[in-house]
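Chemist: Pasting a structure here, questions to come.
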Amino acid sequence: MNDFAKAQRPTPKAGVMDIAAYVPGKATVHGVAKVHKLSANESPLGASPHAVEAYRATDHYLSSYPDGEVIALRQAIAETQGLNIENILCGNGSDELLGLLCQTYLAPGDEAIFTDHGFLVYKIQTLAAGAKPVIVKENDTVIDVDAVLAAVTDKTKVVFITNPGNPTGTYVPFEEVKRLHAGLPPHVLLVLDAAYAEYVRKNDYDAGVALVSASDNVVMTRTFSKIHGLPALRIGWMYAPLHVTDAVNRVRGPFNMNSAAIAAGTAAIRDRDHVQKACAFNAEWAQWLTDEFTKLGLKVTPSVTNFLLVHFPDTQNKSAAKADEYLQSKGYILRRVTSYGFPEALRMSIGSEEANRGVIAALTEFLKS
């Protein structure tokens, strides 16, 4: 199409066409009947039976709008987490909330900071808001607080921190997060993306609740897609100062959560036994897989999450790309993470026992060949 023809049609605003669309984890392999999807960090235990029951019970309400204030779910979150319901806002996945924060606090000429291995949605939503993404290098897969602070300018409006990180699986101790916050100007919004917080078993970690409670410029986002096993329903929530929830509510679309998601999420977060079982299962198999990958001579980035970043040698026959190709031929789909800066690594979600053992067996054969 020539330039004249292009000028006769609607044109996206500046920045939109610079966005590389998000590509989700692969779910199928052509010609392979049985596939283990280990590319999206989904829970191998699935959803709580109580959540499934609550979901099914919503079929009587399909002709009615959902609760626009999401009171039942917000109340359940408040009670189980010990929070004030007024400081909780729910969304269609934490992705939507991250986007709403960008819409609310970023304008053309502003800057948003995140690290080079951070969630790709930060860059997408920053560009969509017309602002400039500023990417800071991490220090051996761990967020470098000093590097982040050094990148702050008078144009900085938002700083995104993925803690724990994805796809690295590493985390920033709470004392370092507090040091980061203390070094930011008070008008800069610090967003703590804690999608994998429930899996962390470290005494020096905090998802961000304490810092939000004590500050005017900190927001914590969470998700039901991981530990609660409900990614299909797209449920996210954030804990924020009242002035932030008030502002974001003004741009949030009405009825942004459906009734099935509200009901299932409410039941899921109250089922503490299911959460504990998921955590225990994850801890056991994450350690087992780390040990087995190490025995195979592969480096694994220490992880506090439900996935492992596995590094392959930079050789033609044993590369991450070749390993991925071989694993898929055997029905095991891991995640290529080249777009996150790891061309020679694969990210593996902790799967079922069958899937975990199968991956190790397949890689054993691959590395011997």
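The values are calculated or read from the model by the stated rules, or taken from the named source; none is laboratory data. The shown structure was predicted, so the numbers you read here are calculated from the model rather than taken from an experiment. Positions of Cβ are backbone-derived with ideal geometry, glycine not excepted, and every protein chain shown enters the neighbour counts. For the accessible areas, the whole protein counts, side chains as well, though only heavy atoms, and no ligand, DNA or RNA atoms are used. Shrake-Rupley method; radii C 1.70, N 1.55, O 1.52, S 1.80 Å.
Chemist: In vacuo Debye scattering of segment 307-369, one point per C-alpha: log10 I(q)/I(0) at q = 0.15, 0.19, 0.22 Å⁻¹?
Modeler: -0.40, -0.65, -0.88
Chemist: So what's the projected area for segment 1-160, the Cα convex hull averaged over all directions, in nm²?
Modeler: If I average the Cα hull's projected area over directions, I get 16.9 nm².
Chemist: As an exercise, use a Förster radius of 41 Å and the Cβ-Cβ distance of residue 369 and residue 204 to find the FRET efficiency, rounded to the nearest 0.05.
Modeler: 0.45
Chemist: Here's another thing I want to ask about it. Where both partners of a DSSP beta bridge lie in the chain, what percent of those bridges are antiparallel, to the nearest 5?
Modeler: 50
Chemist: Tabulate in residue order the Karplus-calculated ³J(HN,Hα) for segment 15-31, using 6.51 cos²θ - 1.76 cosθ + 1.60 with θ = phi - 60°, rounded to whole Hz; enter x for Gly and Pro.
Modeler: Running phi through 6.51 cos²θ - 1.76 cosθ + 1.60 with θ = phi - 60° gives x, 5, 6, 8, 7, 8, 4, 5, 10, x, x, 5, 10, 9, 10, 4, x Hz.
Chemist: Moving on to the next point. If R₀ is 22 angstrom, what is the calculated FRET efficiency for the pair residue 182 and residue 84, using the beta carbon separation as r and rounding to 0.05?
Modeler: Calculated transfer efficiency: 0.40.
Chemist: What FRET efficiency comes out for the pair residue 216/residue 27, r = Cβ-Cβ distance, R0 = 35 Å, nearest 0.05?
Modeler: In this case the efficiency is close to 0.25.
Chemist: Sort largest first and round to whole Å: the equivalent ellipsoid semi-axes of segment 5-99, each the square root of five times a Cα gyration tensor eigenvalue.
Modeler: Equivalent-ellipsoid dimensions as semi-axes: 33, 26, 17 Å.
Chemist: Please enumerate, by chain and number, the lysines with C-alpha under 21 Å from the C-alpha of residue 178, excluding those fewer than 8 residues away in the same chain.
Modeler: By straight Cα distance, residue 178 reaches 137, 157, 202.
Chemist: Moving on. If you take the Cα atoms of segment 102-212, find Rg, then find the Kirkwood Rh from the mean of 1/r over all pairs, what is Rg/Rh?
Modeler: Here Rg/Rh amounts to 0.94.
Chemist: A follow-up question, please. With +1 on each Lys and Arg Cβ and -1 on each Asp and Glu Cβ, and nothing else charged, work out how big the dipole of the chain is about its Cα centre, in Debye to the nearest 20.
Modeler: Approximately 860 debye in magnitude.
Chemist: Can you give the accessible area of residue 113, probe radius 1.4 Å, in Å² rounded to 10?
Modeler: About 0 Å², rounded to the nearest 10.
Chemist: Just going by the charge dipole of segment 1-135, with Lys and Arg at +1 and Asp and Glu at -1 on Cβ, which of 76, 19, 119 is farthest out on the positive end?
Modeler: 19
Chemist: While we're on this one: With unit charges on the beta carbon (Lys/Arg positive, Asp/Glu negative), name the residue among 48, 221, 158 whose Cα is farthest towards the positive pole of the charge dipole of the chain.
Modeler: My answer, from the dipole projection, is 48.
Chemist: Kindly rank 102-108, 91-97 from highest to lowest mean number of other beta carbons found within 10 Å of each residue.
Modeler: For the peptides 102-108, 91-97, the packing ranking is 91-97, 102-108.
Chemist: At q = 0.09, 0.10, 0.13 Å⁻¹, what is the base-10 log of I(q)/I(0) for the chain according to the Debye formula with one equal point scatterer per Cα and no solvent? Please give it to two decimals.
Modeler: Scattering profile of the chain, log10 relative to I(0): -0.54, -0.67, -1.11.
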